[in-house]
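For reference, the structure is listed below as structure tokens.
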Amino acid sequence: MLKLSLKQGQYINIGDNIRVVYVGGSGGHGRLMIDAPKEIPIVRSNIEENPERRRETYYPEEKISAEAQKKIQRILWEERHKGEAEN
């Protein structure tokens, strides 16, 4: 999880098509504007007190098969050693 501090008017971009703008706040409240495509669901929620349940609210990356991991490792190894072979 990334924690940021923003001043009024500052924003963060998430990917190429989502922008979150901090528009101000007072006390323990902040106001955000979120600019995102309509097909992306944005849900307002309270902080989950149960840490186990909180993990379920994120979308973890799917597991990669052992075979795919080996292929990726091989590609990375070849890329790292490509320069050595050319010299």
task: Could you please find all residues in region 6-30 being part of a strand (DSSP E or B) and charged (D, E, K, R)?
output: 19
- line: Of those in region 7-28 that are more than 23 Å from residue 41 (Cβ to Cβ) and either surrounded by 10 or more Cβ atoms within 10 Å (Cβ to Cβ) or not small (Gly, Ala, Ser) (or both), the residue nearest to the chain's Cα centre (by Cα) is 10
- prompt: Any idea which residue in region 39-54 is modelled with the highest pLDDT, counting only those that are basic (Lys, Arg) and under 22 Å from residue 18 (Cβ atoms)?
  reply: 44
query: Do you know which residues across region 57-87 are farther than 23 Å from residue 32 by Cβ and modelled with pLDDT under 60?
result: 60, 87
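The values are calculated or read from the model by the stated rules, or taken from the named source; none is laboratory data. Nothing here was measured: the structure is a model prediction, and the numbers come from that model. Quick reminder, even Gly has a Cβ in these numbers, built from the backbone with ideal geometry, and neighbours come from all protein chains shown.
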